[in-house]
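Participant: Please read through the structure below; I'll follow up with questions.
The values are calculated or read from the model by the stated rules, or taken from the named source; none is laboratory data. Because the structure is predicted, anything quoted here is derived from the model rather than measured. Neighbour counts are summed over all protein chains in view; Cβ atoms, including those assigned to glycine, are modelled from backbone coordinates with ideal geometry.
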Amino acid sequence: MSTIPLVNVRALNHEIRDEIDAAVSGVLDRGDFILGGAVEAFEQAFARYCGVRYCIGVGSGLDALTLTLKGLGIGNGDEVITVANTFIATALAICHTGAVPVVVDHDPNTYNIDPHQIAAAITSRTKAILPVHLYGQPADMDAILAIASEHGLWVVEDAAQAHGARYQGRVCGSLGDAAAFSFYPGKNLGAMGDAGAIVTDREDLAQWARAARSYGSTEKNVHRLTGFNSRLDTIQAAVLRVKLSHLDRWNTRRRALAAQYHELLAESNVVLPEAGDNVDHVYHLYVIRCAERDALRSTLEQHGIASGVHYPTPLHGHASLMHRCRIPHDLLNAATFCDEIVSLPLCPCLKDEQVEEIAAVVIEHAASCGAPVLELQTATP
Ligand SMILES: *Cc1c(COP(=O)(O)O)cnc(C)c1O
């Protein structure tokens with residue numbers, strides 16, 4: 001019954017329906033359904049957009065992460081350090097290589113992996129750091145890259161929520177050794193089904209991944225590695241190429257909506273997201289923290305406003321992961337934030353009046369409940 005959805009993918013696609021129809025028809029006309037011309041065209045366009053040499057389109061964001069880690073040689077007995085507050089796919093990818101996810105806490109201001117916690121979690125088994133640019137905000141890459149170079153570790157960006165985000169002027173995806181993107185329909189750049197991509201400047205990884213996504217084949221009937229079938233679908237690639245040309249405009253609109261929320265909610269009791277210095281946040285999600293979060297969600301629902309929680313369970317709380325993760329230190333922020341965070345509707349087609357309507361409900365809720373959520377916990381290992 002919600003009248004304001006969290007994201008309105010349908011409305012967004014409708015806006016450019018003619019361009020999408022033409023792109024899909026083009027694939028039908030050519031009939032090159034597997035790794036066709038549209039895949040190559042999108043890969044080139046997306047590599048250029050990210051400022052890297054190679055883009056390899058794959059079946060999903062999870063596959064992009066898994067293949068990247070495997071391609072870098074990560075496997076049994078290795079450890080990969082990541083953050084508790086992320087989508088489960090980040091850790092599943094580590095598990096699928098045979099490595100152990102080492103889960104650390106996030107910084108209370110940026111909600112991204114806390115570099116101090118990374119340094120303290122490194123062992124002789126550590127092979128890589130897997131930061132997530134959560135909610136569209138780049139992680140603290142200078143600090144992460146410094147730790148990685150000191151210890152000889154790979155850095156793989158989980159950029160599934162950060163298409164077009166920038167860190168010190170550089171586009172996310174170009175900051176580490178490689179990056180994984182998801183084009184799940186609700187992402188800032190979304191396909192019309194599952195899709196993902198690996199981007200990298202490393203020629204060896206690009207070649208490996210290109211073969212690995214297609215049965216390990218380097219040329220017809222030549223299979224040197226134990227490959228997979230995880231190719232970016234040609235119709236999805238055609239759609240993505242159209243949508244890529246609108247991404248910057250949509251991200252600008254997301255920033256304007258976030259600024260409007262910020263202004264309207266500035267005086268209330270809720271904790272607002274803060275964009276760090278020198279970063280271009282692309283607000284995949286607009287996440288606030290408040291007291292009595294579940295009551296706020298019910299009130300929003302009564303007003304026909306959808307909301308979400310990203311994420312209600314830290315990685316190590318999932319049944320599939322709890323016995324596979326190593327947790328070197330207490331995860332104080334992860335443990336408290338998951339009960340306080342709520343994602344408000346945000347989508348390029350959201351209207352200014354709708355933001356006003358949503359903000360009014362949040363303000364009323366915040367005024368009616370007691371203590372604000374303000375105490376920040378910076379755990380030092
Ligand atoms: C969406 C997402 C993924 C997984 O992408 P899929 O395409 O759904 O497999 C991985 N990591 C993060 C942070 C995500 O948000």
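Participant: Return a yes/no flag: does segment 226-243 have any residue that is acidic (D, E) and under 20 Å from the mean Cα position of the chain (by Cα).
Facilitator: Filtering segment 226-243 down to residues acidic (D, E) leaves 233.
The next check asks that each one be under 20 Å from the mean Cα position of the chain (by Cα); those that pass are none.
Checking segment 226-243: not a single residue is acidic (D, E) and under 20 Å from the mean Cα position of the chain (by Cα).
Participant: Can you report the number of residues in segment 136-174 which are basic (K, R) and touching a Ser or Thr at 6+ places or on another chain (Cβ under 7 Å)? Working first, answer last.
Facilitator: The initial filter retains those residues of segment 136-174 that are basic (K, R), namely 166, 170.
With the extra rule that they be touching a Ser or Thr at 6+ places or on another chain (Cβ under 7 Å), the set shrinks to none.
So the answer is 0.
Participant: For the structure I just gave you, tell me whether A89 is of a type outside the set (V, I, T), within 16 Å of the ligand (Cβ to nearest atom) and touching a residue at least 24 places away in the same chain (Cβ under 8 Å). Even if it seems obvious, please write down each step before you answer.
Facilitator: Values: of a type outside the set (V, I, T): yes; within 16 Å of the ligand (Cβ to nearest atom): yes; touching a residue at least 24 places away in the same chain (Cβ under 8 Å): yes.
In short, yes.
Participant: Now a separate question. Using the structure shown, decide if F46 is touching a helix residue (DSSP H, G or I) at 6+ places or on another chain (Cβ under 8 Å), closer than 27 Å to Y283 by Cα and at pLDDT 95 or above. Talk me through it step by step, then tell me what you get.
Facilitator: Working: touching a helix residue (DSSP H, G or I) at 6+ places or on another chain (Cβ under 8 Å): yes; closer than 27 Å to Y283 by Cα: yes; at pLDDT 95 or above: yes.
So F46 passes the test.
Participant: Can I ask one more? Looking only at segment 97-115, which residues are crowded, with 23+ Cβ neighbours inside 10 Å, within 21 Å of Q161 (Cα to Cα) and polar (S, T, N, Q)?
Facilitator: Scanning segment 97-115 gives a single hit, N112.
Participant: Here is a list of conditions, (1) among the β-branched types (V, I, T); (2) more than 16 Å from the ligand (Cβ to nearest atom); (3) assigned to a loop (DSSP other than H, G, I, E, B), and T110 meets all of them except one; can you say which number that is?
Facilitator: Unmet for T110, out of (1) among the β-branched types (V, I, T); (2) more than 16 Å from the ligand (Cβ to nearest atom); (3) assigned to a loop (DSSP other than H, G, I, E, B): (2).
Participant: Is it true that some residue in segment 51-61 is away from the ligand (no atom under 16 Å from the Cβ), assigned to a helix (DSSP H, G or I), surrounded by fewer than 21 Cβ atoms within 10 Å (Cβ to Cβ) and not basic (K, R)?
Facilitator: Taking every residue of segment 51-61 in turn, none turns out to be away from the ligand (no atom under 16 Å from the Cβ), assigned to a helix (DSSP H, G or I), surrounded by fewer than 21 Cβ atoms within 10 Å (Cβ to Cβ) and not basic (K, R).
Participant: Out of the residues in segment 121-152 that are touching a Pro at 6+ places or on another chain (Cβ under 8 Å), under 21 Å from L69 (Cβ atoms) and among the small types (G, A, S), which is nearest to the ligand (Cβ to nearest atom)?
Facilitator: Selected residue: A139.
Participant: May I ask you to verify whether A259 is of a type in the set (A, V, I, L, M), within 29 Å of G173 (Cβ to Cβ), surrounded by fewer than 17 Cβ atoms within 10 Å (Cβ to Cβ) and at pLDDT 95 or above? Walk me through how you get there before you give the answer.
Facilitator: Working: of a type in the set (A, V, I, L, M): yes; within 29 Å of G173 (Cβ to Cβ): yes; surrounded by fewer than 17 Cβ atoms within 10 Å (Cβ to Cβ): yes; at pLDDT 95 or above: yes.
The answer is yes for A259.
Participant: Let me ask something else. V156 - would you say it is more than 15 Å from the ligand (Cβ to nearest atom), of a type outside the set (D, E, K, R) and more than 11 Å from the chain's Cα centre (by Cα)? Lay out the reasoning, then the answer.
Facilitator: On the way: more than 15 Å from the ligand (Cβ to nearest atom): no; of a type outside the set (D, E, K, R): yes; more than 11 Å from the chain's Cα centre (by Cα): yes.
No, not satisfied.
Participant: For I118, are the conditions met, namely being away from the ligand (no atom under 16 Å from the Cβ), hydrophobic (A, V, I, L, M, F, W, C), surrounded by 18 or more Cβ atoms within 10 Å (Cβ to Cβ) and more than 16 Å from the chain's Cα centre (by Cα)?
Facilitator: Numbers: away from the ligand (no atom under 16 Å from the Cβ): yes; hydrophobic (A, V, I, L, M, F, W, C): yes; surrounded by 18 or more Cβ atoms within 10 Å (Cβ to Cβ): yes; more than 16 Å from the chain's Cα centre (by Cα): yes.
Taking the combined requirement at face value, the residue satisfies it.
Participant: Now, a different point. What pairs come out if I take residues in segment 309-335 that are free of Cβ contacts under 8 Å to residues at least 24 places away in the same chain and farther than 16 Å from A99 by Cα and pair them with residues that are aromatic (F, W, Y) and part of a loop (DSSP other than H, G, I, E, B) whose C-beta lies under 9 Å away, six or more apart or interchain?
Facilitator: Qualifying pairs under 9 Å: none.
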